[in-house]
Amino acid sequence: MLRVKLNLHYQGCEGSVLINSTEGNKAEKDAKPNLTLDALDIIDDIKEELEKKCPGTVSCADILAIAARDAVSLATKGVTKGQWTKDGNLYQVETGRRDGRVSGAKEAVNNLPDPFDGIRKLTKRFASKGLDLKDLVVLSGIDPNMHAVPT
C-alpha cells in the first residue's frame with residue numbers, strides 16, 4: 001500500500017512513526033501495520049543535515065509531510081529531467097508541525113490496516129473511518145483505470 005497514509009495518520013501528522021521502540025514500549029514503527037514502511041532512516045538523515053544548518057527549526061513531522069508530497073510528485077511524473085514541472089502534482093505543504101513524543105504499537109494495530117488484509121477486511125476498516133471504496137483505491141496507490149490481464 002502506498003504509504004501516503006503517513007500523512008493521514010490517526011494521531012495527526014506528528015511523525016510519531018519515526019520514534020524508536022524502547023525496552024518498555026513497542027513503538028508504532030514496529031507494529032505489524034507499519035512493518036512494510038521503508039526508508040525511515042532517510043528522514044533521520046535529512047533531519048540530521050537540517051539540524052546542522054538550522055537547529056531546532058524543522059520537525060521530523062514536516063520533513064515526512066514534504067517527503068510524502070515529493071514522492072507523490074515523483075511517482076506521477078511531476079519531475080522531468082531533474083526539474084519540477086508546473087503541471088506535476090506538487091502542492092503546497094503547510095509547515096509548523098511539532099514532533100510527537102509518544103508512540104505506541106497498540107494504536108497503530110487498532111487504527112491502521114494490516115498490509116496483509118484482504119479486500120473485504122480493508123473495505124470494512126476504511127468504512128469504519130468514514131471512507132469508501134474509492135478512498136481505499138486512491139490511498140492504496142492503485143490506478144483506478146488499471147485493468148486485470150488474464151494469465
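The values are calculated or read from the model by the stated rules, or taken from the named source; none is laboratory data. Keep in mind that what you see is a predicted model, and the values were worked out from it rather than measured. Neighbour counts are summed over all protein chains in view; Cβ atoms, including those assigned to glycine, are modelled from backbone coordinates with ideal geometry. Surface areas here come from the heavy atoms of the whole protein model, side chains and all, with no ligands, DNA or RNA. Shrake-Rupley method; radii C 1.70, N 1.55, O 1.52, S 1.80 Å.
Points worth noting:
- The stretch 94-120: number of residues that are under 20 Å from GLU28 (Cα atoms), of a type in the set (Lys, Arg) and open to solvent by 80 Å² or more (accessible area, probe 1.4 Å): 3
- Selection status of LYS106, in a helix (DSSP H, G or I), at pLDDT 85 or above and under 26 Å from SER16 (Cα atoms): yes
- Selected residue [farther than 19 Å from LEU35 by Cα and at pLDDT below 75] from GLY100, GLY96, GLY88: GLY88
- Figure legend. Inter-residue proximity from the stretch 93-118: first residues among the small types (Gly, Ala, Ser), second residues surrounded by fewer than 15 Cβ atoms within 10 Å (Cβ to Cβ) and modelled with pLDDT under 85, beta-carbon distance below 9 Å, spacing 6+ or different chains. Indicated pairs: GLY100/GLY12; SER103/ASN20; ALA108/TYR10.
- Residue count for the stretch 121-132 under the criterion of being surrounded by 13 or more Cβ atoms within 10 Å (Cβ to Cβ) and either within 23 Å of ARG69 (Cα to Cα) or charged (D, E, K, R) (or both): the result is 3.
- Options ASP62, ASP45, ASP70, ASP30: the member that is in contact with a Gly (Cβ under 8 Å, 6 or more places away or on another chain), of a type outside the set (Val, Ile, Thr) and either modelled with pLDDT of 85 or more or surrounded by 12 or more Cβ atoms within 10 Å (Cβ to Cβ) (or both): ASP62
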